Amino acid sequence: MLPFKLIYHDGYDLNLGAHVFPSQKFRLTAEKLLAEGIAATDDFVRPEPASDADILRVHTADWVKKLKTGTLTASDIMKLEVPYSRELVDAFWLAAGGTIAAAQGALRDGFGCNLGGGFHHAYPSHGEGFCAIHDVAVAIRRMQSDSAIRKAMVIDTDVHHGNGTAAIFAKDDSVFTLSIHQANNYPAHKPASTLDLNMEDGVGDEEYLNTLLPAVRHALKQFPAEMIFYVGGADPYCEDQLGGLALTLNGLKARDAGVFEEARKRKIPVVTTLAGGYARRVEDTVKIHINTIVAAKEAAEKYPQARPAGN
Ligand SMILES: [Zn+2]
């Protein structure tokens with residue numbers, strides 16, 4: 001048994017076939033967590049799709065309508081970079097519901113892990129780079145609307161800049177956005193996060209960790225985050241096809257552990273999402289995602305937290 005819930009739904013699979021986005025990774029990650037005995041069946045929670053009202057806290061009515069009625073323009077589909085289908089739309093609504101459920105789990109248990117989500121390239125009025133709906137922003141707005149939190153921090157370690165996140169929260173001082181990414185990579189236009197850590201091509205474990213972890217400590221000193229949303233991309237991996245950094249499997253696990261321990265020391269609940277991962281071998285991507293869950297478990301054990309009264 002894990003000391004927190006894993007949010008997962010078979011509908012996360014976008015069924016993209018031979019696409020570079022290996023959407024079967026969500027199912028493979030869930031199956032392997034069970035097969036390796038890291039998680040038990042009872043650790044899993046099936047999310048409901050987010051309500052349209054929740055989606056509309058972030059996205060424009062026009063974009064929601066286009067997605068629901070299949071009226072995306074050729075330009076919309078080109079930017080999204082995935083073919084349109086009804087299942088695709090359902091998968092994004094489920095992912096957003098999953099990140100909301102993970103946030104609710106994090107409030108209760110200290111961690112809440114969505115085995116999906118992290119669609120950080122989605123903007124309010126359009127999608128980009130495989131991301132149609134910004135599940136993390138939707139969950140933050142829902143938590144704020146429920147008065148569960150006021151201030152949130154997004155720590156985005158996907159190899160690609162969190163452009164949608166930066167744009168959505170640009171003028172909002174209730175959300176601190178931190179993105180560590182490869183400077184010379186997609187997206188071409190990178191609106192400013194609260195803190196952008198731009199990595200040169202080929203940066204490895206040591207330089208990456210020595211940049212990220214002091215920055216996280218500094219950010220948490222200056223910003224009283226009540227919840228951290230972790231976008232744990234697997235694509236800074238040295239064998240990623242869409243990334244140009246050189247982190248190892250151990251370096252990526254140390255990245256996750258380092259961020260989680262800083263949160264845990266300060267008793268800040270953490271929501272994890274998977275985000276990108278395009279390793280030549282999909283098993284490597286799955287392993288990196290599984291290690292994120294293992295790192296959460298180990299951080300929870302290293303820094304135990306009393307549950308709030310009544311739970
Ligand atoms: Zn990415």
Considering residues of region 267-285 that are within 16 Å of the ligand (Cβ to nearest atom) and buried (at least 24 other Cβ atoms within 10 Å of the Cβ) only, the residue farthest from F229 (Cα to Cα): T285
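Yes/no matrix, rows are residues, columns are (1) more than 17 Å from A225 (Cα to Cα); (2) crowded, with 24+ Cβ neighbours inside 10 Å:
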site	(1), (2)
A106	no, yes
A122	yes, yes
H126	yes, no
A132	yes, yes
A139	no, yes
Can you work out which of the residues in region 124-145 that are part of a loop (DSSP other than H, G, I, E, B), of a type outside the set (A, V, I, L, M) and within 16 Å of the ligand (Cβ to nearest atom) is farthest from A74 (Cα to Cα)? H134
Can you list residue pairs whose Cβ atoms sit under 6 Å apart, with the first residue in region 13-28 being over 11 Å from T285 (Cβ atoms) and the second being open to solvent by 60 Å² or more (accessible area, probe 1.4 Å) and basic (K, R)? Count only pairs 6 or more apart in sequence or on different chains. D13/R27
Identify the residue in region 103-123 that is of a type in the set (G, A, S) and out of contact with any helix residue (DSSP H, G or I) (no Cβ under 7 Å at 6 or more places or on another chain) and, among all such residues, is nearest to the ligand (Cβ to nearest atom). A106
Is one or more of the residues making up region 143-155 more than 25 Å from F260 (Cβ to Cβ), in contact (Cβ under 8 Å) with a residue 60 or more places away in the chain and of a type outside the set (A, V, I, L, M)? yes
Is one or more of the residues making up region 229-242 in contact with a helix residue (DSSP H, G or I) (Cβ under 8 Å, 6 or more places away or on another chain), more than 16 Å from the ligand (Cβ to nearest atom) and modelled with pLDDT of 95 or more? no
Residue within region 183-202 that is closer than 30 Å to E31 by Cα and either more than 16 Å from the ligand (Cβ to nearest atom) or in contact (Cβ under 8 Å) with a residue 24 or more places away in the chain (or both) present: no
Against the definition (touching a residue at least 24 places away in the same chain (Cβ under 8 Å) and within 16 Å of the ligand (Cβ to nearest atom)), how does L245 come out, yes or no? yes
Note: among A300, A295, just one is open to solvent by less than 20 Å² (accessible area, probe 1.4 Å), in contact (Cβ under 8 Å) with a residue 60 or more places away in the chain, in contact with a Lys or Arg (Cβ under 8 Å, 6 or more places away or on another chain) and over 20 Å from F130 (Cβ atoms), namely A300
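Going residue by residue through region 253-266, is there one that turns out to be in a helix (DSSP H, G or I), farther than 18 Å from F21 by Cβ and within 16 Å of the ligand (Cβ to nearest atom)? Even if it seems obvious, please write down each step before you answer.
Initial filter on region 253-266 (in a helix (DSSP H, G or I)): 253-265.
Checking the rest, the ones that are also farther than 18 Å from F21 by Cβ come to 253-265.
Checking the rest, the ones that are also within 16 Å of the ligand (Cβ to nearest atom) come to 255-256.
Yes, because at least one residue in region 253-266 is in a helix (DSSP H, G or I), farther than 18 Å from F21 by Cβ and within 16 Å of the ligand (Cβ to nearest atom).
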Find the residue count for region 58-96, including only residues that are under 19 Å from I168 (Cβ atoms) and among the hydroxyl-bearing types (S, T, Y). 1
If you check A300 against the conditions, is it of a type outside the set (S, T, Y) and touching a strand residue (DSSP E or B) at 6+ places or on another chain (Cβ under 8 Å)? yes
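The values are calculated or read from the model by the stated rules, or taken from the named source; none is laboratory data. Since we're looking at a predicted model, the values are computed, not measured. We place every Cβ from the backbone using ideal geometry, glycine too, and count neighbours over all the protein chains shown. What goes into the accessible areas is simple: the full protein's heavy atoms, side chains included, and nothing from ligands, DNA or RNA. Shrake-Rupley method; radii C 1.70, N 1.55, O 1.52, S 1.80 Å.
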